[in-house]
Amino acid sequence: MGLREKPEVGDAGANARPASGCRAIWALLWKLALLLLLVYGALQLFVRTGFFRARVEAELSRLTGMEMRAGRIRATESLNLRIRDVISVSKDAGLEARTVRIRWRLFRPQGVSMLESVRVDGLAVTFAPDEEGVVQPAFLGRVSRMVLDSAGASLPDAAGAMAPPDADSPAAGGDFPEKMGGPVEIRWASARWQDAAGNLLASVSNLELIWVAMALPNGGRVSHLDCRAAEVKVVNGPRITGLHVELLDAGGRRFLMDLDASDWGAARKPRAAAADYRELLDAMDRGGEDASR
């Protein structure tokens, strides 16, 4: 009988080790995927809890300076939020949004809002002064006056009691994007301005607005506003259609970047923004000539 060759045990063990290592890695990846799936499902359920709703409403109330209530809250595939039927609770003014889409920060520094950006579809807002004469909702009051004043459609004298909000007042609410550090986009919006007696002063229909604010390294802020409106109507005043306003606010100074309308109606068409830039450049040239003499 011939002698059998004994299998080399060392080679068999070497071949078994890679196979067993692959099985261990595969089992680890499978468990990790299952854990992530469970965490994702838990977060989806957490968004629907009353505790999370209270946190979102508190954050919205802090940013706007008004008491806010949210309807149905759902999380998207990327765990951002889609909120339907957002309303404000106020006897002086009203705010209602059909859909609010929120990108929020899972991890944020202390003092930074958890909201990264906001898009609002179907907004209806009514501006009115409260008992102290402060326009509510205050966080949009300044922007609304900027748009109207820039278009030459300032509110009537009846709105004189609408004092600007005190920046240190909790009711002021502050500026939405400046507190967020991200953009606010509003689409398909309408707005009304009323006096203390509830009389209509002005209205805007089919409004689209993008508002972005950035912090500068020196501590200052720059904000950019781009606004379009199908119609702006001031009671006993001008009616403007197809309005476009673009503003830049830097260090408290406002610069009109663009202003146009398809029909100014009875309003006097403001000067083109380029005229202001030309005057500024001419003044700088004259200053240089005077210094050289």
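The values are calculated or read from the model by the stated rules, or taken from the named source; none is laboratory data. Since this is a predicted model, take the numbers as computed values, not measurements. FYI the Cβ positions are ideal-geometry reconstructions off the backbone, even for glycines, and counts take in every protein chain you see.
Only one of the listed residues (VAL39, VAL56) is in a helix (DSSP H, G or I), surrounded by 12 or more Cβ atoms within 10 Å (Cβ to Cβ) and modelled with pLDDT of 80 or more. That residue is VAL56.
Residues that are hydroxyl-bearing (Ser, Thr, Tyr) and surrounded by fewer than 18 Cβ atoms within 10 Å (Cβ to Cβ) within region 65-89 comprise THR76, SER78, listed in sequence order.
Matching residues to (1) closer than 13 Å to VAL56 by Cβ; (2) modelled with pLDDT of 75 or more; (3) within 17 Å of the chain's Cα centre (by Cα):
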| residue | (1), (2), (3) |
| --- | --- |
| SER88 | no, yes, yes |
| GLY94 | no, yes, no |
| VAL112 | no, no, yes |
| VAL118 | yes, yes, yes |
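Screening ALA215, ALA230, ALA272 for residues that are under 30 Å from THR99 (Cβ atoms), surrounded by 11 or more Cβ atoms within 10 Å (Cβ to Cβ), modelled with pLDDT under 80 and aliphatic (A, V, I, L, M) leaves exactly one candidate, ALA215.
In the list VAL118, VAL134, which residue meets the criterion of being buried (at least 24 other Cβ atoms within 10 Å of the Cβ) and among the aliphatic types (A, V, I, L, M)?
Among VAL118, VAL134, only VAL118 is buried (at least 24 other Cβ atoms within 10 Å of the Cβ) and among the aliphatic types (A, V, I, L, M).
With respect to the conditions (1) free of Cβ contacts under 8 Å to residues at least 60 places away in the same chain; (2) within 16 Å of ARG145 (Cα to Cα), GLY265 lacks only one, and its number is (2). No other residue among ARG101, ARG84 is within 18 Å of the chain's Cα centre (by Cα), within 23 Å of ALA213 (Cβ to Cβ) and either modelled with pLDDT of 85 or more or among the polar types (S, T, N, Q) (or both) apart from ARG101.
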